[in-house]
Amino acid sequence: MLMNDRSSCYTYVVLLATTITATIYIGGVTSFGIIYKELLDFYHTRSGDTAMISSLSNFLNFAVAPFANYISEVYFSFRSVMMTGGLLASLGIFLSAFVPRMEYWIITYGILSGFGFGLVYSPCFTVVNFYFKRRRALAIGIVLLGTGIGSVLFPILYKFLIHTYGLRGAVIVISGLTLNLCVCAALIRQPEELTKKIALLHLRTKTDHIASQEEVAVLKESVHNQTDNHPKRPLFNFYLFHNASFVIYNLAFMCNIFAYLSNFVMIPGHARIQGMTNSDIAVFLSTIGGSMIFARPSIGWLADSKLVQKRNIIGTCAILGGIFSLVLPWIQGYRWMIVYSVSFGIFPSSFFMFIPLLLLEIVTLENLPQAQGLLYLCLSVSAGLSQPAAGWIKDLTGDWDASFHVSGAISILAGVLYMSEPILRKCNRKQKAHNANQSDETNGNQNL
């Protein structure tokens, strides 16, 4: 039972709120392919240039992550930061409905909404780790289950809205749906490990009676003691790059997310070239989400069971996903696109749950926000380049075959990096030991 991790029943509320948040956020991200196709037709723009909209949003989602985690932990709270992010994301999408040119989408959807989603995304997945310990992988799997549900429902919803209200009307409705992120954020409570100002908050909200001077003094002393015991941490801990495992996992996740995000423009674009309709694309994207629903909890259970090393699980998933990407261009047709969508939902998209799981093997829970924030900052580079790169390759070659080949090769590289982490770590330790011995010998000779 998940409740073995925390005694408070509010754990379930936090889990529900973060799951719905993930449903709305990831559902919108994965369904952008529906809007992407409509933008190509509506504004008559190039594939690579139009992909800049979602790629910039994805870039900011990850680039803002370390700052979002930092201010959530040190200055404000996960609740206030996520509520602000939900408001900005909704506003950016709403404004997109009224812009006359596609380039303005880069500002409204790419920058404004991307920044807002960045304030939501990382805190959503970080706060769950504080509420679960023994069943952390299962809890993250449940949150990611919401991403699968969103990936099933939202493409169908987007298609219906566009068909009923047109592109601009649909975007207005989507902005209202996105505003529900603020409702979910309101249910988040700050974890006990990070509640440095509980007493001060109690003073501010204590309206039933006036506190005595002695009571106020005690509460202020409590705040002072908690602040002294928990000094403010720096925003980034670049010393983590001295950790060979962190560097290896960082590179692997960067490759993984490059291959993962590029599919959300490659699949709609590839289907469009084959003459498939918006309904077909919605089916493909929903199939991805349906596969996630079954795959992620199962993979989370496998990771918790310790039957297989976590790095080997995610490494195998990345390699299999890469193989499917390499093969797809040679087998055309609707049925094979369904098969590819199922494989994509099972294998490449499973890496999200392993970000905190692998990091917690090399850092403590208290240092997780720093490590995860620094990792997300690096991931922002890959996230920002993935979709435009796939679109530009298509513009150069005339089809999406080369884009799938590049994506597949990079996914396989990610899998190799995951699985070779112990070997590379040992080599790094031997090299450091060798350098230390040489340094000692040099110092000894100088002393002689």
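The values are calculated or read from the model by the stated rules, or taken from the named source; none is laboratory data. Everything numeric here is computed off the predicted structure, so don't read it as measured data. Note that each Cβ is placed from the backbone with ideal geometry, even for glycine, and that neighbours are counted across all protein chains shown. Just the protein is used for accessible areas: all its heavy atoms, side chains included, with ligands, DNA and RNA removed. Shrake-Rupley method; radii C 1.70, N 1.55, O 1.52, S 1.80 Å.
Quick check: anything in segment 379-399 within 20 Å of the chain's Cα centre (by Cα), open to solvent by 20 Å² or more (accessible area, probe 1.4 Å) and at pLDDT 90 or above? Within segment 379-399, not a single residue is within 20 Å of the chain's Cα centre (by Cα), open to solvent by 20 Å² or more (accessible area, probe 1.4 Å) and at pLDDT 90 or above. Among the residues of segment 181-198, some residue qualifies, meaning at least one is in contact with a Gly (Cβ under 7 Å, 6 or more places away or on another chain), open to solvent by 10 Å² or more (accessible area, probe 1.4 Å) and modelled with pLDDT of 85 or more. Within segment 357-374, the set of residues being open to solvent by 10 Å² or more (accessible area, probe 1.4 Å), touching a residue at least 12 places away in the same chain (Cβ under 8 Å) and not hydrophobic (A, V, I, L, M, F, W, C) comprises E361, E366, N367, Q370. When T126 is tested against the conditions (1) over 30 Å from D280 (Cβ atoms); (2) of a type in the set (S, T, N, Q); (3) surrounded by fewer than 20 Cβ atoms within 10 Å (Cβ to Cβ), the lone failure is (3). For segment 129-153, a residue qualifies if it is open to solvent by 10 Å² or more (accessible area, probe 1.4 Å) and under 12 Å from A22 (Cβ atoms), and the qualifying residues are I142, L145, I149.
Against the numbered list (1) open to solvent by 10 Å² or more (accessible area, probe 1.4 Å); (2) aromatic (F, W, Y); (3) over 19 Å from C184 (Cβ atoms); (4) touching a residue at least 12 places away in the same chain (Cβ under 8 Å), Y36 comes up short only at (1).
If we keep just the residues of segment 43-72 that are under 17 Å from I93 (Cα atoms) and open to solvent by 50 Å² or more (accessible area, probe 1.4 Å), which is modelled with the lowest pLDDT? So the residue we want is M52.
If you go through segment 286-326 and keep only what is farther than 15 Å from I346 by Cβ and assigned to a helix (DSSP H, G or I), you end up with D304, S305, K310, R311, N312, L326. Looking across segment 410-439, the residues that are modelled with pLDDT under 80, among the aliphatic types (A, V, I, L, M) and out of contact with any helix residue (DSSP H, G or I) (no Cβ under 9 Å at 6 or more places or on another chain) come down to A433, A436.
Which members of segment 408-423 meet the condition of being open to solvent by less than 70 Å² (accessible area, probe 1.4 Å) and either basic (K, R) or more than 24 Å from S386 (Cβ to Cβ) (or both)? If the condition is that a residue be open to solvent by less than 70 Å² (accessible area, probe 1.4 Å) and either basic (K, R) or more than 24 Å from S386 (Cβ to Cβ) (or both), then P422 is the only one that fits. Against the test of being polar (S, T, N, Q), over 20 Å from D399 (Cβ atoms), surrounded by 24 or more Cβ atoms within 10 Å (Cβ to Cβ) and out of contact with any strand residue (DSSP E or B) (no Cβ under 9 Å at 6 or more places or on another chain), the options S305, S350, S262, S291 yield a single qualifying residue, S350. Considering (1) open to solvent by 10 Å² or more (accessible area, probe 1.4 Å); (2) at pLDDT below 90, the lone condition that L91 does not fulfil carries the number (2). Counting only residues that are over 23 Å from F294 (Cβ atoms) and not in a helix (DSSP H, G or I), segment 345-371 holds 8 of them.
Looking at segment 309-331, can you tell me whether even one residue there is touching a Pro at 6+ places or on another chain (Cβ under 6 Å), buried (at least 18 other Cβ atoms within 10 Å of the Cβ) and closer than 21 Å to S122 by Cα? Among the residues of segment 309-331, not one is touching a Pro at 6+ places or on another chain (Cβ under 6 Å), buried (at least 18 other Cβ atoms within 10 Å of the Cβ) and closer than 21 Å to S122 by Cα, which makes the answer no.
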